[in-house]
1. Here is a list of conditions, (1) surrounded by 13 or more Cβ atoms within 10 Å (Cβ to Cβ); (2) touching a residue at least 12 places away in the same chain (Cβ under 8 Å), and LEU36 meets all of them except one; can you say which number that is?
2. Of all residues being part of a helix (DSSP H, G or I) and of a type in the set (S, T, N, Q) in segment 25-67, which is farthest from the chain's Cα centre (by Cα)? Just the residue, please.
3. What number of residues in segment 17-58 are in contact with a helix residue (DSSP H, G or I) (Cβ under 9 Å, 6 or more places away or on another chain) and at positive phi?
4. Applying the selection to segment 8-38, what residues are β-branched (Val, Ile, Thr) and within 25 Å of THR64 (Cβ to Cβ)?
Amino acid sequence: MMFGNVGLFDRILRFSIAAVLLYLGQVTYSGDPLGLGLTVASAIAGVTAIVGFCPLYRLLGTSTRTDS
């Protein structure tokens, strides 16, 4: 069962990073293997920000979410 382990600041930061990576992947490095890699990294960052769950955080046993 998944539970949220990504806090609000972390989610905002992930959205921002995803936007920059998507821009770089689709505009700056379009048609290049690096562009594809940046686009995939952008998708991963964006999905984890939307869902609020990071599998890597789960493996490491950490969380940036504060329970209120």
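Read-outs throughout are calculated quantities, based only on the coordinates presented, and are distinct from any laboratory measurement. Note that the structure is a prediction, hence the values are computed from the model and not measured. Here the Cβ positions follow ideal geometry from the backbone for every residue, glycine too, while neighbour counts run over all protein chains shown.
1. The single condition LEU36 does not satisfy is (2).
2. The residue in question is THR28.
3. 1
4. Applying the first criterion (β-branched (Val, Ile, Thr)) to segment 8-38 yields 12, 17, 20, 27-28.
Once the filter is applied, which keeps residues that are β-branched (Val, Ile, Thr) and within 25 Å of THR64 (Cβ to Cβ), segment 8-38 yields ILE12, ILE17, VAL20.
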